[in-house]
Structures are given as structure tokens and as C-alpha cells.
Amino acid sequence: MTQKHLVVAVAGATGAVGREMLKTLEQRNFPVKKLVALASKKSAGRTLPWKGGEVVVTEMGPKSFEGVDIALFSAGASVSREYAPIAAKSGAIVIDNSSAWRMDPDCPLVVPEVNMAAAANRPKNIIANPNCSTIQMVVALKPLHDAARIKHIVVSTYQATSGKGQAAVEDLLQQTAAALAGKNVVPTVFPGQMAFNVLCDWKPGEGDYSEEELKMVHETRKIMGDDTIGVSPTTVRVPVVTGHSESVHIQFHRPMDAAEAKRLLKVAEGAINMFIVSDNLRKGAALNAVQIAERLSSA
């Protein structure tokens with residue numbers, strides 16, 4: 001795709017990640033000729049800030065993607081499964097932030113600093129954004145993997161409530177206010193008290209791992225292109241609004257000391273300290289999608 005001004009659609013524009021996508025497109029001066037903000041019927045007619053003015057949200061439907069060059073999706077897996085193929089068939093390159101397409105062999109799973117070349121092979125014209133906790137980890141691990149090939153990863157995450165959506169943030173805030181006032185804490189989104197607590201609030205998966213933990217296993221292997229990498233994850237939710245943190249222990253196929261690791265990370269694109277901290281709405285979702293779109297638009 002040659003560099004030009006593009007018609008960009010954001011599906012799920014009123015959500016936490018959707019709003020962050022709009023901000024990121026604007027702040028990075030992405031070449032938008034026309035912005036199409038899409039959401040559910042109940043959000044249609046609302047306005048969102050855009051380049052000093054406003055953009056009106058329209059209801060997403062089968063014809064919403066006609067004439068769209070790039071469609072950024074952050075509307076949930078069920079919506080993506082229904083509408084991403086429609087957008088792709090309409091001619092748009094879809095960059096999807098949900099879990100719907102991540103492990104589909106015909107959809108590349110892309111982190112620009114790690115495996116941007118994979119985006120060129122997209123039979124369904126859908127590119128998947130990885131899970132936020134996976135993104136920040138592989139950005140830091142890629143230069144180390146290239147140098148000494150990772151054998152095993154032990155990772156513990158401390159994940160912010162905004163990763164569960166804006167309603168979860170509001171639940172945390174009301175729970176915190178209630179707890180500080182000495183009132184009963186009544187969760188509305190989380191399965192239990194999130195204020196002043198830690199939770200594993202994801203669905204159970206296979207082998208006593210949560211779904212979130214299994215995502216880190218499978219996505220890391222797909223992004224790195226190495227199914228032999230062992231991943232032992234523990235994921236927990238902490239009472240923080242935005243910003244995931246991770247403690248990561250890595251074993252390599254050859255010896256690597258701290259000095260070599262520091263040298264490799266200093267010269268790496270997007271290097272992060274090995275207590276890995278990242279804005280889960282920004283790099284963990286919106287920015288990663290926009291970076292993919294940027295590189296596609298200038299290819």
C-alpha cells in the first residue's frame with residue numbers, strides 16, 4: 001500500500017480501547033482522509049473528540065465498511081467474528097484487537113517490533129492484535145530470543161482493571177469509594193472485591209490454567225515462530241486503573257549474562273526493562289494496531 005490519506009474505520013469507537021485508538025491516530029498524525037466511528041445501536045449519534053472537533057458515531061452494519069481502507073476493531077470477539085470478514089470482503093485491511101482471530105492460521109498475529117513481516121501474508125485480510133500482556137512481553141524478549149533462543153519463560157503478570165473494559169474501571173472506583181467509606185462493597189463487573197485486592201478473574205482454561213494464561217502460551221509461540229518455547233504463566237488482576245506489569249524469568253539455549261542482555265535491550269526497538277511495564281490500552285491495544293496500520297500504509 002503506497003503512502004496516501006486513507007479512510008479509516010474504528011469499530012467499537014466508544015469503548016476504552018476505541019477511544020484510545022482515536023487519540024493515537026490523531027497524536028501520531030496518521031494519514032486519515034476520513035474517519036468512520038462505529039459502535040452499537042445504543043451508542044449511535046454520540047460524538048467523540050477528533051482533531052479539535054467531533055466525529056459522530058454511527059451504528060455498525062453490513063455496509064459500514066464500503067470504501068474503508070483500514071478497519072481497526074475493538075468491539076469484542078463476537079462482533080469481530082461477525083463483522084471483520086464483512087469489512088475484509090469490502091476491501092478493508094482489518095486489524096482486530098479481540099481474541100477472535102489470534103490463533104487462526106490464516107490471520108497473522110503481529111507486534112510491529114517483533115514480526116511485522118508476518119502481516120504481508122494475510123489470506124483473510126485480517127491481522128490480529130495479540131493480548132495486551134503478550135505484546136509487552138514479546139517486545140522485550142525478541143532481541144534476546146534472536147541472540148540466544150529462548151528455551152523457557154516464567155512470567156507473572158499484574159494486570160490493570162482497564163484491560164477488562166471501562167465498566168471494570170468504574171466498578172473498581174465505586175468499590176474503592178465504598179471500602180474507604182466503610183460501606184459494603186458490592187461488585188458489579190468483577191466476581192468479587194477488586195478494591196484493595198488481587199483476583200484471577202478470567203475463565204478457567206485447560207490444565208488448571210486460566211484462559212488469559214493460555215493466551216500468553218499460544219500467542220508467544222505464534223509470534224516468535226517457535227512452538228518449542230516453554231511458557232509458565234501466572235496472571236492476576238490488581239486494583240490499578242491502567243498499566244500492566246510483569247515479572248519475567250527467561251532460560252536460553254545458551255548462556256547469557258546480565259551485561260549482554262542489557263546491551264541487547266539498549267539497542268533494541270521498543271526495549272523495556274525486564275520488570276516489564278506497559279500501558280495496556282496504549283501499546284497493549286490501540287498503539288500496536290495503529291503501528292501495524294502505519295507500516296502497512298508506508299509499505
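The values are calculated or read from the model by the stated rules, or taken from the named source; none is laboratory data. Note that the structure is a prediction, hence the values are computed from the model and not measured. In this analysis, Cβ positions are derived from the backbone assuming ideal geometry, glycine residues included, and neighbour counts consider all displayed protein chains. We work out accessible area using only protein heavy atoms, side chains counted, and drop any ligands, DNA or RNA first. Shrake-Rupley method; radii C 1.70, N 1.55, O 1.52, S 1.80 Å.
Restricting attention to the stretch 1-21, report how many residues are over 17 Å from SER298 (Cα atoms), touching a strand residue (DSSP E or B) at 6+ places or on another chain (Cβ under 6 Å) and either assigned to a helix (DSSP H, G or I) or open to solvent by 20 Å² or more (accessible area, probe 1.4 Å) (or both).
Here is the first cut: in the stretch 1-21, the residues over 17 Å from SER298 (Cα atoms) are 9-21.
Now narrow it down to the ones that are touching a strand residue (DSSP E or B) at 6+ places or on another chain (Cβ under 6 Å): 9-11, 13-14, 18, 21.
Narrowing further to those that are either assigned to a helix (DSSP H, G or I) or open to solvent by 20 Å² or more (accessible area, probe 1.4 Å) (or both): 14, 18, 21.
Residues flagged as over 17 Å from SER298 (Cα atoms), touching a strand residue (DSSP E or B) at 6+ places or on another chain (Cβ under 6 Å) and either assigned to a helix (DSSP H, G or I) or open to solvent by 20 Å² or more (accessible area, probe 1.4 Å) (or both) within the stretch 1-21 amount to 3.
Only one of these conditions is not met by THR47: (1) touching a residue at least 12 places away in the same chain (Cβ under 8 Å); (2) closer than 22 Å to LEU281 by Cα. Which number is it?
(1)
Going through ALA75, ALA84, ALA140, ALA117 one at a time, which residue ends up being at pLDDT 95 or above and either over 19 Å from the mean Cα position of the chain (by Cα) or buried (at least 16 other Cβ atoms within 10 Å of the Cβ) (or both)? Please lay out each step first, then the result.
Values: ALA75 fails: at pLDDT 95 or above; ALA140 fails: at pLDDT 95 or above; ALA117 fails: either over 19 Å from the mean Cα position of the chain (by Cα) or buried (at least 16 other Cβ atoms within 10 Å of the Cβ) (or both).
Criteria check complete, one pass: ALA84.
When the residues of the stretch 250-283 are narrowed to those that are of a type in the set (Gly, Ala, Ser) and part of a loop (DSSP other than H, G, I, E, B), which ends up modelled with the highest pLDDT? Reasoning before the result, please.
Applying the first criterion (of a type in the set (Gly, Ala, Ser)) to the stretch 250-283 yields 258-259, 261, 268, 270-271, 278.
Pick out the ones that are also part of a loop (DSSP other than H, G, I, E, B) and you get 268, 270-271.
Details: ALA268: 78, GLY270: 69, ALA271: 45.
Looking at the filtered set, the residue picked out is ALA268.
Residues of the stretch 31-46 being surrounded by 12 or more Cβ atoms within 10 Å (Cβ to Cβ) and within 25 Å of VAL79 (Cα to Cα), which ones? If you could, list the steps in order and put the result at the bottom.
Looking only at the stretch 31-46, we keep the residues that are surrounded by 12 or more Cβ atoms within 10 Å (Cβ to Cβ), and these are 31-32, 34-40, 43-44, 46.
Matches in the stretch 31-46: VAL32, LYS34, LEU35, VAL36, ALA37, LEU38, ALA39, SER40, SER43, ALA44, ARG46.
Pairs under 8 Å by beta carbon, first residue more than 15 Å from PRO130 (Cβ to Cβ) and in a helix (DSSP H, G or I) in the stretch 284-298, partner small (Gly, Ala, Ser) and open to solvent by less than 20 Å² (accessible area, probe 1.4 Å), six or more apart or different chains?
ARG295/ALA119; LEU296/ALA119
Among the numbered criteria (1) surrounded by 24 or more Cβ atoms within 10 Å (Cβ to Cβ); (2) touching a residue at least 60 places away in the same chain (Cβ under 8 Å); (3) over 23 Å from ALA16 (Cβ atoms), which one does ILE135 miss?
Unmet for ILE135, out of (1) surrounded by 24 or more Cβ atoms within 10 Å (Cβ to Cβ); (2) touching a residue at least 60 places away in the same chain (Cβ under 8 Å); (3) over 23 Å from ALA16 (Cβ atoms): (3).
Please pick out the residue among VAL189, VAL185, VAL231 that is at pLDDT 95 or above, buried (at least 16 other Cβ atoms within 10 Å of the Cβ) and under 30 Å from ARG149 (Cβ atoms). Even if it seems obvious, please write down each step before you answer.
Values: VAL189 fails: under 30 Å from ARG149 (Cβ atoms); VAL185 fails: under 30 Å from ARG149 (Cβ atoms).
Sole residue among the options that is at pLDDT 95 or above, buried (at least 16 other Cβ atoms within 10 Å of the Cβ) and under 30 Å from ARG149 (Cβ atoms): VAL231.
Among the candidates VAL198, VAL110, VAL186, single out the residue that is over 30 Å from LYS63 (Cβ atoms) and in contact (Cβ under 8 Å) with a residue 40 or more places away in the chain. Full working, then the answer.
Working: VAL110 fails: over 30 Å from LYS63 (Cβ atoms); VAL186 fails: in contact (Cβ under 8 Å) with a residue 40 or more places away in the chain.
None of the others qualify; the one that does is VAL198.
What helices (runs of 4 or more DSSP H), lying completely within the stretch 107-220, carry at least 3 residues that are in contact with a strand residue (DSSP E or B) (Cβ under 8 Å, 6 or more places away or on another chain)? Give the steps one after another, and end with the answer.
Working: elements: 112-115, 132-148, 166-180.
In the stretch 107-220, the matching helices (runs of 4 or more DSSP H) lie at 132-148.
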